[in-house]
């Protein structure tokens, strides 16, 4: 597991806004999201709010862009289930 200092350096390189105010777990999750978006070639990913970025990644992966739009989701294999459903 990376240290908080290493995570902040990665976040700086990825140009994640307001990264210095995030907790370690949140920062790690956001870095993972940005890296995923970059690999999938999501356009303008650094400018999108987190919820829109997750939906853009879902589309790029060939999935339905449902993040934050279904209250009682049962898609337990979804990579975004925890932040989406507050689990």
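The values are calculated or read from the model by the stated rules, or taken from the named source; none is laboratory data. Quick caveat, the model's predicted, so the values are computed rather than measured. Positions of Cβ are generated from backbone atoms using ideal geometry, with glycine treated the same way; all protein chains shown enter the neighbour counts.
Here are some notes:
- Every residue from the range 49-67 that is under 13 Å from the mean Cα position of the chain (by Cα) and over 22 Å from residue 19 (Cα atoms): 58
- For the range 46-73, the set of residues classified as part of a loop (DSSP other than H, G, I, E, B), farther than 15 Å from residue 85 by Cβ and in contact with a helix residue (DSSP H, G or I) (Cβ under 8 Å, 6 or more places away or on another chain) consists of 48, 64, 65, listed by residue number.
- Residue 34 outside any helix (DSSP H, G or I), under 23 Å from residue 86 (Cα atoms), within 15 Å of the chain's Cα centre (by Cα) and modelled with pLDDT of 90 or more: no
- Residue match in the range 7-24 (condition: touching a residue at least 24 places away in the same chain (Cβ under 8 Å), surrounded by fewer than 17 Cβ atoms within 10 Å (Cβ to Cβ) and assigned to a helix (DSSP H, G or I)): no
- In the range 53-64, the residues that are loosely packed, with under 15 Cβ neighbours inside 10 Å reach residues that are assigned to a helix (DSSP H, G or I) and modelled with pLDDT of 90 or more with C-beta atoms within less than 8 angstrom, at least six apart or across chains, in these pairs: 64/58.
- Subset of the range 74-87 that is more than 20 Å from residue 42 (Cβ to Cβ) and part of a loop (DSSP other than H, G, I, E, B) - its residue that is farthest from the chain's Cα centre (by Cα): 74
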